[in-house]
Amino acid sequence: MRCRSCGAEVTQASATSCPRCAAPLGSSEAAATARIGSSTEEAPRAEPESGTEARAKQRSQSPFGPRRALYDFLYAARRSLSAGGWFDAASAAGLGFLALLCVGVVFLVAARLQYPDVGSGSSPLSVLTSAVVLALGSLRIPIHVGDLAVTALPLGALALSATAVSWAVEPAIRRREVTGLRAHVAAGAKMAIPFGVFCCMAALVFRFRGGATPTHAGALSALLLGTVWGTLFGALGGVRTHGSVRAGLRAVARFARERGGRLGVGLRTSMLMLATSLLTAAAAGLLWIIAGLARGAPVAKFGGGDALAGFLYVLAFLPNLLVAVITIAFGAVLDVGAQITIEGHQIGPLRSISLWDWGRGGPPLLAYGLLLVPVVAMVGAGFLARRRLEAAALVPAIGLGAIVFALVIAAMGWVGQARLGAGIVRSHGFAVVAARPGTLLLTAFAWGAIGGAVGWKLAGRAARATPRAETSTPTGAAA
């Protein structure tokens, strides 16, 4: 330290004044002198570690220690999940489940409109539980009410769920920055496992445990069916991210037309048969609703809430209703009523609706007007197919088309069935509303083959008559 006045060097750390000029020294100089003096002192030696502490420190710093191994495992798992896109898939699955929950809310609102006293005074947790149970039930997950199990698959609500969940998956797929249709579909299908886990957890958490009839959705069924539907919804999201669904369908139709050969011709005809059948069945169902309302209200007190609830139910079950109309119109059997299965044999009262039941107990006379549905649909489909195809393609167009059409209709009738008392494994219960897939398959194929051939022949005669009419016109004019 040096004096500010005379510049003399002061070596004593505790000095308060300069020994040459007696000028007072500042606090900063004293502190600096103290630091210089302390730095010259020898640093204290560290005490030697014991053997136990040294071994513990070595294990913590060693790459083979248990703590280090656990840290490395968690780090590697996190990096693997992040690199594989599983975190994005889990977030997309969570958002998709929230979209599915909106379907349950729609069903809850419809029930509230139809029965205003339902759920009066319920807590918010009870309302949320009801919405979750109804949302899971819309995926055909069994809803257990006491000792009974109710299963139903509203195809309209399923289409709404597919649209909502696939929309929720799109941002996660775009963050992956994948190219190609296959990569988009694979990235979207990754949400299947997280979506199934979310459905299973929701089935375990949200349930009515108290009361005389505990109500909940099956957890194992939620895991299995949630994974299946998650795969389909995620793949649909991948298709939508890669391009519009309409453009994809057009590309498939173009490929089937150019390279599909006879199979492509049959697929195009089957799509025509399916479209005309659904349109004619919708027209018949609409006429039936109008005639029913013209006769009077379905219940004594029918208000706006009942009408809106009925509209929501019709939207949710519209494809199921159309398949039921097609089932009856095509002459297949629709089972409605109670049945009990004991040792593989069905016993108990079961009502079967079919146009083959004549006489007392059969359908009313006006019900036979439903025969116009297959006649108009199949003849119209065959007529349209002949105008777009060559005359030599009769067998592949009508034959293969009728087979594919019958398979699709039978599959829709089997998937869209509703049962009370059946779970995911058992196929029979009681209070069933379902078409018999075997008879529906045969009747749909028969109507498609016969009606399509008739329409094909009518279109052929119209095509042969058109040139003669065109050639006779100039002759008549010249005369």
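The values are calculated or read from the model by the stated rules, or taken from the named source; none is laboratory data. Bear in mind the structure is a predicted one, so any value in this text is a computation, not a measurement. Note that each Cβ is placed from the backbone with ideal geometry, even for glycine, and that neighbours are counted across all protein chains shown. Note: accessible area is taken over every heavy atom of the protein model, side chains too, but ligands, DNA and RNA are not part of it. Shrake-Rupley method; radii C 1.70, N 1.55, O 1.52, S 1.80 Å.
At-a-glance table
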quantity	calculated
Flag for V228 being buried (at least 18 other Cβ atoms within 10 Å of the Cβ), in a helix (DSSP H, G or I) and not aromatic (F, W, Y)	no
Residue within region 165-182 that is at pLDDT 85 or above and of a type in the set (S, T, Y) present	yes
Residues within region 282-306 that are modelled with pLDDT of 70 or more, of a type in the set (G, A, S) and either part of a helix (DSSP H, G or I) or on the phi > 0 side of the Ramachandran plot (or both), tallied	9
Residue among F208, F198 that alone is open to solvent by 30 Å² or more (accessible area, probe 1.4 Å) and over 21 Å from D88 (Cβ atoms)	F208
Total residues in region 212-223, condition part of a helix (DSSP H, G or I) and either in contact with a helix residue (DSSP H, G or I) (Cβ under 7 Å, 6 or more places away or on another chain) or of a type in the set (V, I, T) (or both)	3
Sole residue being modelled with pLDDT under 85, assigned to a helix (DSSP H, G or I) and charged (D, E, K, R), chosen from R386, R360	R386
Matching residues, region 94-123, being in contact (Cβ under 8 Å) with a residue 40 or more places away in the chain, open to solvent by less than 50 Å² (accessible area, probe 1.4 Å) and under 18 Å from G137 (Cβ atoms)	G96, F97, A99, L100, V103, F107, A110, A111
Tally of residues being hydrophobic (A, V, I, L, M, F, W, C) and over 17 Å from A217 (Cβ atoms) across region 107-130	4
Some residue of region 167-174 being in a helix (DSSP H, G or I), in contact (Cβ under 8 Å) with a residue 12 or more places away in the chain, open to solvent by 30 Å² or more (accessible area, probe 1.4 Å) and not aromatic (F, W, Y)	yes
